[in-house]
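Here the structure comes first, spelled out in structure tokens, and everything after it is commentary.
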Amino acid sequence: MMETKKPEFNKVSDYIWEISKDYREDMRVPVRVYSSRALLDEMDLQVYDQISNVATLPGIQKYAYCMPDGHSGYGFPIGGVAAMDSEDGVISPGGIGFDINCGMRLIRTNLTIDDVQPKLRELIDVLYDRVPAGVGKGGILKLNKQEFKELVDEGARWCIDKGYGWGEDLERIELNGRAQYADSSKISEKAIKRGLDQVGTLGSGNHYLEIQHVLEENVVDSGLAKKWGLFPGQIVVMFHCGSRGFGHQVATEYLKLFLDVMKSKYGIKIRDRELASAPFNSPEGQDYFKAMGCAVNMGFANRQTILHRIRNSFEKVFGQSAEDMEMHQVYDISHNRASLEEHEVDGEKKKLIVHRKGATASFGPGRKEVPELYRDDGQPVIIGGSMETGSWLLAGTEDAKQTWYTTAHGSGRTMSRTQAKKKYRGEKLQKRLEEQGIYIKATSYAGLAEEAGGAYKPIDEVVETTHQAGLSKKVAKMKPIGNIKG
Amino acid sequence: MPYSFVEGATMADVAFEATGKNLEELFESAGKAVTKSMIENIESIEEETSVEFSLNHGSVDRLLHDFLDELVYYKDAENLFFSGYMLKIRKEEGKYYLEAMLKGEKINPDKHELVVNVKAVSWHKYEVKKKEDAWKAFVILDV
């Protein structure tokens, strides 16, 4: 149904492709797609339309970027990155997505594949029981409205104060687990009601919890891997989820508010209503930023609560304490968020509101955004792959300043959900993966088929592109052996 | 009620087209498409409980969007899926008014074959129009 044709690209390097500002007359800046030639050829054409729409937003600086895992979404493409001047630019909920602070968490253990393999089924079954997944499952925490408001003001710290986690977890979360600018007076009763029973839920779609194995041949930077607590043969846990219905409702409501005021009050014209925007420096823009902060905190709190249950589950299965199993968190990163950051633009320091939608921050060594624990080496970057192909741990780089310190977030889809369901059958897929040594429990067979590895881009090529382009550097790849799919 | 899922409109999400002879039918078709995208056996949803709400807006496309947002809201806030739709839509002085009574039941994974969670109704390519004697809507859902 699309009439889109491929734009002309100017090759900047083997991994950077530029669409000129002249491609469309309403573009304020050029587009830069970070991609290998092969990934570029396979990108769906709507990506280019969508990222060109992003290039029209008021206050956008330098370029509209698309990461190598980019694919078409609604509004911004997934993998879209745009930084707006905080003085005279806009904030756009569509540049963050409905699933505010969807992100990844990685936990290490001192267990090896030999310790876990014999108990893998039991472990997955216990995790499946204890970490609610799928549509309609209630959360781990039972909160009243006041407690929920405290939680979204305070983020992961609230959970830790209530006993859900370790004090050290906080320094291993972006923003130390709390968006300081969050203000629960900016969220609605409906948003609260939608999120109240969902703290500690995985959700569905591409959200998952995975037991992974660090293979010796997959450790690329052994020095950094060791420093960050990874070793060959090790078992680690990775999971992917966001701020659930609460974040979805915040985005839904503010998008409508922006649609109401955008043109009449601020004279902003956009190509696509999903890109509804308001000046960052406006009452509406500021209110959304503060409400989004609450959803960022809900995302951190959600993952914090799940981490607590993961530690409990390991304790039950292995009969040791989580401390004895050294279940330290490596890092927690968000890949759907807008963030107020200071960057250099043509030699001048500016405060920018950086939108990352399906894109991960990748701050390099020395940057103040990186927790002290990792400041010498750059922040840990977690890029989650499909349940078949494995996931990566990387490090942020100084070179990533070319994209406002941003890199990819995952594999990126190449096949729609309907196509995937036609090609794969959930039960068969589950069996095939079991033969490959990956034990999967899913809340839905149809949902499982939609997430087949073949529906995604090759993760290694996405990661290689970020490595070669200097956006993040490889540390180690982890291979799945068990997966819970929401 | 006629709705159909549309291929090729979105890579990661769900797109559908809904139609109706009048606005009530259009809203019901679109509502059922939202539910069908989350649950395979939509016919298994029984009418055990009901909710009532009213909405209004100056434009019909905003009214439909608000209505679909309500379905997504009830799915999380009350754990409800709906199958029975009693809708009344009228236009007065340039504004559309919807009165809705929806019947359905609590989500039950043992009975409802769940597929994927709808996070939100997007605005991307969203469109409601009247063509000849029928209303038509195109909707992309974030899942």
### Summary
Residues whose modelled amide H sits under 5 Å from the amide H of A:GLY358, counting only those 5 or more places away in sequence or on another chain, are A:GLY79, A:ASN336, A:ARG337
### Query
How big is the charge dipole of the protein assembly as shown about its Cα centre, in debye rounded to the nearest 20, if each Lys and Arg gets +1 on its Cβ and each Asp and Glu gets -1 on its Cβ?
420
### Query
Using unit Cβ charges (K, R positive; D, E negative) and no other charged atoms, how large, in debye to the nearest 20, is the dipole of chain B about its Cα centre?
480
### Task
Based solely on C-alpha atoms, express the radius of gyration and the Dmax of segment A:88-226 in angstrom.
18.2, 59
### Query
Going through segment B:50-131, which trypsin sites (Lys or Arg not before Pro) have at most 16 other Cβ atoms within 10 Å and a DSSP loop state?
B:LYS111
### Query
Label A:SER185 and B:LYS88 with points 7 Å out from Cα along Cα→Cβ: what is the distance between them in nm?
4.0
### Query
How would you rank B:ILE42, A:ILE270, A:ILE100, going from fewest to most other Cβ atoms within 10 Å of each one's own Cβ?
B:ILE42, A:ILE270, A:ILE100
### Message
Taking beta carbons within 10 Å but only from partner chains, what does the mean come to for residues A:70-76?
### Response
6
### Query
Among A:GLY412, A:ALA276, A:ILE51, whose Cα sits farthest toward the positive end of the charge dipole of chain A (+1 at Cβ of Lys/Arg, -1 at Cβ of Asp/Glu, about the Cα centre)?
A:ALA276
### Summary
The ³J(HN,Hα) series, computed from each phi in segment A:283-300 with the Karplus coefficients 6.51, -1.76 and 1.60 at θ = phi - 60°, rounded to the nearest Hz and given as x for glycine or proline, is x, 5, x, 5, 4, 4, 4, 5, 5, 4, x, 5, 6, 4, 5, 4, x, 5
### Task
Calculate the mean, over all residues of peptide B:72-81, of how many other protein chain Cβ atoms lie within 10 angstrom of the residue's Cβ.
6
### Sorted peptide list for A:285-295, A:16-26, criterion being average Cβ within 10 angstrom, highest first
A:285-295, A:16-26
### Residue mean of other protein chain beta carbons inside 10 Å, A:441-453
3
### Summary
The ³J(HN,Hα) series, computed from each phi in segment A:149-158 with the Karplus coefficients 6.51, -1.76 and 1.60 at θ = phi - 60°, rounded to the nearest Hz and given as x for glycine or proline, is 5, 4, 4, 6, 7, 10, x, 4, 4, 4
#### Entry: Antiparallel content of DSSP bridges confined to segment A:343-486, in %, to 5
75
## Note on the structure
Any trypsin sites (Lys or Arg not before Pro) in segment A:176-207 that lie in a DSSP loop and have at most 16 other Cβ atoms within 10 Å would be none
### Summary
Inter-part gap, Cα centre of segment A:166-216 to Cα centre of segment A:241-258, in whole angstrom, is 14
### Query
Pairs A:LYS226/A:LYS350; A:LYS6/A:LYS265; A:LYS5/B:LYS125; A:LYS145/A:LYS351: which exceed 27 Å Cα-Cα?
A:LYS226/A:LYS350; A:LYS6/A:LYS265; A:LYS145/A:LYS351
### In order through segment A:398-403: 3J(HN,Hα) via Karplus (6.51 cos²θ - 1.76 cosθ + 1.60), integer Hz, x for Gly, Pro
5, 4, 5, 5, 4, 10
### Task
Report, in debye and to the nearest 20, how large the dipole of segment A:20-179 comes out about its Cα centre when Lys and Arg carry +1 and Asp and Glu carry -1 on their Cβ.
260
### Query
Sorted by packing (mean other beta-carbon atoms within 10 Å per residue), highest first, where do A:150-162, B:6-18, A:200-212 land?
A:200-212, A:150-162, B:6-18
### chain B - percent relative contact order, Cα under 8 Å, separation 6 or more
31
### Dipole of the protein assembly as shown [Lys/Arg +1, Asp/Glu -1 at C-beta], most positive-end residue of A:GLY470, B:GLY94, A:ILE124
B:GLY94
### Task
Let me have the relative contact order for segment A:183-285, percent, based on Cα pairs under 8 Å that are six or more residues apart.
27
### Query
How do A:LEU120, A:LEU307 rank when sorted from fewest to most other Cβ atoms within 10 Å of their own Cβ?
A:LEU120, A:LEU307
### Query
Considering the dipole of segment B:3-142 built from charges on the beta carbon (Lys and Arg +1, Asp and Glu -1) around the Cα centre, which of B:THR49, B:LEU71, B:VAL128 is farthest to its positive end?
B:VAL128
### Task
May I ask you to derive the relative contact order of chain A, considering only C-alpha pairs under 8 Å and at least 6 residues apart, and to give it as an integer percent?
22
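None of the figures in this text is laboratory data; all of them are computed from the coordinates on show. Remember, predicted model here, so these are calculated numbers, not experimental data. With ideal geometry, Cβ positions are generated from the backbone for all residues, glycine too; neighbour counts draw on all protein chains shown.
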